[in-house]
Every structure is written in C-alpha cells, then in structure tokens.
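Here is the structure we will look at, set down as structure tokens.
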Amino acid sequence: MSDSPPKTAMPGGIDLLAGRQPLLDRSEHLVGWELDLQRGRGEALDHYRAVSKLLRDETLTTSKPIFLRMGLTDVLAGHAQELPKDRVVLCVPGSGRSAEELVETYGHLTRRGYRLALNGLGEGEGFRKLLGLVSFVRIDLGSAVDEDRLGSAVAALHRYKLRVIATGVEDARQRVMANRLKIDLCQGYYFLKPTILPRSEVKPVTFNYMELIAKLNSSQVDFKELEAIIKSDISLSTQLLKYLNSPMVGLRERVSSLHQALVLLGETEVRKWASTLVMAQLSDGKPEHLSMLSLVRGRFCETAADLMNRSEMKLEYYLTGLLSLLEVITSQSADELTMSLGLSRKVRLALLGSKSEIGRVLSLARACERGDGVAAAGLCGGLGLDPWVAIRAYSECLAWGEQLHLGGEGTSAAA
C-alpha cells in the first residue's frame, strides 16, 4: 500500500492529469493542494491557458487554494497572468536572476493580486526584499542536513509573518521534525505510509469498528438483521439518518427511520453509507485527508464499475476503494485486517495487491491521485476504459469527496 510521486506525463496529448498533493497543517487539517501538472510538448502559453480552464471548471477543482509551481522562464514570459489569481498561489524560484530583477517581477505579480510562495532559503538584503513580497516560503525537508540551522531560519521567517511549507515530507520521522521546528504546513506522502503497531497498542474501539464493518457487509445478514445492526449503534444510526437527509444525497422525501431508508435506497446503498460512516469514526484522530481520500477512492472504484458494466458488483468495488487505506488508519497489517473483516475473496485480494480487475481499478485510482499519466493510460487500456473519461471521473469524485467533507453539520462526519 505504498504511493510515490509522479514522474511522467500522460502520453498521447493528455497532459493535464494533475497529481494533487495535500498541504496539511500541524493539526493534520487540509488547507490546500499542490497541483503537479506535467508540461506537454505544446507551447507554454497554451499550457497555462489549459491550466486556467481546468482551474475554472467547477467539476474539476476544489474550494481549497491551489499551489502551482512555475519556472522562472514562464514567470518572466508573463504566463502567470493566464491563471485565476483568486484560485492559485504561485510557487516561484528565489534564484536564477538578480535579486533586483526578481523583486521587480514578483512585485508586479503581487500588485495584480497574486499570492506567492518562494522556493528555498537565501540570505542578504535582496532575499529580505523578496520576503516582503511573498506569503509562504517552501523548504525541502528531504535535503535538510542541519536541524538547528533550519530551526533558526524558520524562526526568522515567522518574524516576517510568513508561513513555512515543508516539501518532500515522506515519513513519520520527517513529520515529527517539521512539528519540532514549528513548520506551518507539510506537503508529501508521509500520511500514506502505515506504521504497524502490536495489537495490544491499538485502541479496543478500533476492533469494535472493524467488527461492525464486517457485520454490515456480511452476505449472511438479511434486511431485518442489517436494520438491527445499525440500530445497535446509536451514534451510527443517528449519523446515517442525518446524512441521508442532507442535500448531498438528494432524496425527494425525508427519511425518518432506518426501515424507511432500507426501503427507499435498498440494502446495498445502506450498507455502503453505513460502512462509510464507520470508517469516518475509525479515522478519528488521524489526518482528516485520509478519510476523504478513502471516500474518493471508494466513489471512483464504484464509478469505474458502472463504466465497465459491472453494476452488480458496485458495492465490492466501493468497499475496495473505501478500505484501501485501512492499514494506515488502523496501524494493523493489511493481511490481518482483510481476514478479520470477512470480506469477499475478490475484495480481499484486491486490497492485498492482486492484479485482478478490481485490483487494477484501485491501482488506477492511485495513479490518478498521484497524477501518474503513464500508469493511468496503461491501466485504462487494460480495463477497456477511455483515459479521458476515467480521468474526468476521478476529478469529479475528488470534488464530490471534498464537498461531502465540507458539506455542513453531520455530513462532515462522513469524510
């Protein structure tokens, strides 16, 4: 269950598959995204116009700020002005030209209303002038060698009222170091790396939730038993009714009982949303992005099932995506978890990394979230999916996941 940053772009002209890396604050709250866009073979101006169109498409974007890296050549060419200033934070280099030229160029952008994040540290009067133009400073934590010196630099940046972003945070050790240095935001894949703990160190409530997920999705459980299982957990039954009555679901009539919910939605939908809410409870105390990403993966896998005419297996596809981060969330091994949950053989093997159809759909979800165009294209070919359709579906699922996460009282618990 490991993830790594993208290295290549989508072949065949599909150049705007965007890897979105979350920016998390010290409390692990999601505050923005860094968009990792791979440049195609076309003109730079056309590229930024396409990016601008992407950012203005409400079905493909997020309400959070987008941090976008720009090379100095593109900045000097004026391409930043193609981008919506209310949506982006431009990540710009702190070297490559004289400090005076950079101050003039970046000053022009800030006067037009753009927010800037400066890449890297510097020194001298010129660097201090640059600090007066930016809102953030990005530091590559992976290349940091002297923690004391870095700590002094972070403290100095805070005196300028700037927020410091640590990039390249790939493991828990680096995350702890970032907290120790009082770095404001972290960007990296550290939150996807599981830390396996002995069973004795895991909270007992974790196993209660896993048992509940197993019961909710047992093929031996019928209509009445499913209703009784949900009713046995007062918090779950209350949250489920609150969620089903939210605008995100869009039911035409108000649901006042679990029995009514089962009749209106059917067992499959109720199992799905009850499992989703249990996962949200299970994720309590973990980075909130994990529960949202679990939702997005579940939604995407379910959507892919529809696209491949596998509607009868939608619940299995949804559960595969939803539970794909369970190892990270619970700090228990995937092999032990999948056995204890009593999942179908297809779901269990997919979660353990099989190359089955469901397993490849899960791999496609991971490729899309990393912005790995080559992997996404290859997987789409093997699954018989149109890459454009799959990529747009993933983007819509991502927007849906964030809307659900921010959807107000009650619905936020589901993400």
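Throughout, read-outs are computed from the coordinates displayed, never taken from laboratory work. Computed from a predicted model, the values in this text were never measured in an experiment. Cβ placement follows ideal geometry from the backbone for every residue including glycine, while neighbour counts extend to all protein chains displayed.
Could you give me the percent of Cα pairs per 10 Å distance bin for the chain, shortest bin first, beginning at zero and ending with the bin that holds the maximum distance?
For the chain, the pair-distance distribution reads 4, 21, 29, 24, 14, 6, 1, 0.
Arrange W33, W388, W400 by Cβ neighbour counts within 10 Å, fewest through most, would you? Walk me through the numbers before you get to the answer.
Working: W33 23, W388 13, W400 19.
By the 10 Å Cβ count, ascending: W388, W400, W33.
Could you tell me which of rounded, prolate or oblate describes region 54-176, using a ≥ b ≥ c as the square roots of the eigenvalues of the alpha-carbon gyration tensor, with rounded for a/c under 1.5 and, failing that, prolate when a/b is larger than b/c and oblate otherwise?
Working: a/c = 2.03, a/b = 1.22, b/c = 1.66.
Verdict is oblate for region 54-176.
If all Cα-Cα distances of region 277-384 are sorted into 5 Å bins from 0 onward, what percent lands in each bin, rounded to whole numbers?
Histogramming region 277-384 at 5 Å steps yields 2, 13, 23, 25, 21, 11, 4, 0 percent.
All other residues with a Cβ under 11 Å from the Cβ of E357 taken together, and with Lys, Arg as +1 and Asp, Glu as -1, what is their net charge? Intermediate results must be reported in sequence, preceding the final value.
Details: positive: R310, K346, K355, R360; negative: E316.
Spelling it out: positives minus negatives among the neighbours equals +3.
What's the local net charge at A261, with K and R +1, D and E -1, over the other residues with C-beta under 13 Å away?
On the way: positive: K231, K242, R254, R271, K272; negative: E227, E253, E267, E269.
Combined, the nearby Lys, Arg, Asp and Glu give +1.
Viscosity 1.567 mPa s, temperature 4 °C: what is the translational diffusion coefficient of region 222-301 from Stokes-Einstein with a Kirkwood Rh over Cα pairs, rounded to a whole number of µm²/s?
Details: Rh = 13.3 Å.
Using the Kirkwood radius from Cα pairs, D works out to 98 µm²/s.
Can you give the helix-only mean residue ellipticity at 222 nm for the chain, where every DSSP H stretch with n ≥ 4 adds -39500 (n - 2.57) and the sum goes over all residues, rounded to the nearest 500 deg cm²/dmol? Mind showing how you got there, number by number?
Details: 19 runs with 210 residues, N = 415.
Helix contribution divided over all residues of the chain: -15500 deg cm²/dmol.
Under 8 Å for C-alpha pairs, at least 6 residues apart: give me the relative contact order for region 46-102, rounded to a whole percent.
39 percent
Report, in whole Å, the centroid distance computed from the Cα atoms of region 303-369 and region 85-104.
Answer, in whole Å: 43.
If you fit an axis through the alpha-carbon atoms of helix 387-405 and take the longest principal axis of the Cα set of the chain, what angle between them do you get, 0 to 90°, nearest 10?
80 degrees
Let a ≥ b ≥ c be the square roots of the eigenvalues of the Cα gyration tensor of region 182-274; is it rounded (a/c under 1.5), or, if not, prolate (a/b larger than b/c) or oblate?
On the way: a/c = 2.71, a/b = 1.55, b/c = 1.75.
In terms of gyration-tensor shape, oblate.
Averaging sequence separations of C-alpha pairs under 8 Å and six or more residues apart, then dividing by the length of region 214-315, give the relative contact order as a whole percent.
On the way: 59 pairs, mean separation 22.4, N = 102.
Dividing the mean separation by the residue count of region 214-315 yields 22 percent.
Against the longest principal axis of the chain, how steep is helix 288-307, in degrees 0 to 90 to the nearest 10, with axes from Cα atoms?
60 degrees
Compute the helix-to-body angle for 147-159: its Cα long axis versus the longest principal axis of the chain, expressed 0 to 90° and rounded to tens.
Once rounded, one gets 80 degrees.
Based on other C-beta atoms within 10 Å, arrange E267, E327 from fewest to most. Spell out each step's value before the answer.
Values: E267 14, E327 22.
Ranking E267, E327 by Cβ neighbours within 10 Å, fewest first, gives E267, E327.
Using a Förster distance of 41 Å, how high is the FRET efficiency between D284 and D335, based on the Cβ-Cβ distance and rounded to 0.05? Each step should come with its number before you reach the end.
Working: r = 24 Å, r/R0 = 0.59.
Efficiency, rounded to the nearest 0.05: 0.95.
For the pairs K64/K286; K193/K215; K203/K286, flag any whose C-alpha to C-alpha distance is greater than 22 Å.
On the way: K64/K286 20 Å; K193/K215 28 Å; K203/K286 13 Å.
In this structure, K193/K215 exceed 22 Å between Cα atoms.
Report the relative contact order of the chain, percent, no decimals, based on alpha-carbon pairs under 8 angstrom and at least 6 residues apart. Write down the numbers at each step before the final one.
Details: 660 pairs, mean separation 78.1, N = 415.
Once normalised by length, the contact order is 19 percent.
What is the sum of charges, Lys and Arg at +1 and Asp and Glu at -1, for the other residues whose Cβ falls under 14 Å from the Cβ of S283? Mind showing how you got there, number by number?
Details: positive: K203, K286, R297; negative: E28, D284, E288, E327.
Net of charged neighbours comes to -1.
Take each of the peptides 96-102, 151-157, average the number of other beta-carbon atoms within 10 Å over its residues, and list them starting from the highest. Display every interim value, and only then the final one.
Values: 96-102: 14.6, 151-157: 16.3.
Per-residue mean Cβ counts within 10 Å order the peptides as 151-157, 96-102.
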